[in-house]
Amino acid sequence: QVQLVESGGGLVQPGGSLRLSCAASGSIFSINAMSWYRQAPGKQRELVATVIGGGRPDYADSVKGRFTISRDNAKNTVYLQMNSLKPEDTAVYYCNAILKTSGTYPATNYWGQGTQVTVSS
C-alpha cells in the first residue's frame, strides 16, 4: 500500500508564495519520477513540473521562472516552491509518483488527494 500525502495549499494574494509538499509512504522499492499536476475548474488536469530520477526538472511554460520542483530522495518527498503567484495559478494541485513497490513488478502511477491553491486579493 502506497500513499501520497500533500500539504501546503491555501489562499495567497497575487505576487505571493506558497510551498507544497508531498510525502510518499508505504511499500516503496524505488521512485522513477515525481511530478506536480494541477486542475482548474472546468479545465483538464495539466502537468506543472516533473523530476525524473536525478535528472533535470521540467516545467510547463506557464510556470517557468516562477515555480521550482525539488526532491528529497531520503524522505521520498517532493516539493513545489511557487513564487510570483497569479490568479490563473488557482487550481487543485496533485502530486504524482511513478514508482515500484518491488523489484519484480513494473512501475505504477500513484496520485495524492490534491490540495487547493487559491490566488486572490
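The values are calculated or read from the model by the stated rules, or taken from the named source; none is laboratory data. Everything quoted here is computed from the prediction, not taken from an experiment. Positions of Cβ are generated from backbone atoms using ideal geometry, with glycine treated the same way; all protein chains shown enter the neighbour counts. To get the accessible areas, we keep the full protein, side chains included, count just its heavy atoms, and leave off ligands, DNA and RNA. Shrake-Rupley method; radii C 1.70, N 1.55, O 1.52, S 1.80 Å.
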For the stretch 84-109, the count of residues that are closer than 21 Å to T68 by Cα and either touching a strand residue (DSSP E or B) at 6+ places or on another chain (Cβ under 7 Å) or free of Cβ contacts under 8 Å to residues at least 60 places away in the same chain (or both) equals 14
Restricting to the stretch 1-12, what's the tally of residues that are open to solvent by 30 Å² or more (accessible area, probe 1.4 Å) and in a strand (DSSP E or B)?
4
Looking at (1) of a type in the set (V, I, T); (2) open to solvent by 40 Å² or more (accessible area, probe 1.4 Å); (3) part of a strand (DSSP E or B), can you tell me which one V78 breaks?
(2)
List pairs: first residue in the stretch 4-20 and under 11 Å from L80 (Cβ atoms), second residue charged (D, E, K, R) and part of a strand (DSSP E or B) anywhere in the structure, Cβ distance under 7 angstrom, at least six positions apart or on different chains.
G8/R19; L20/E6
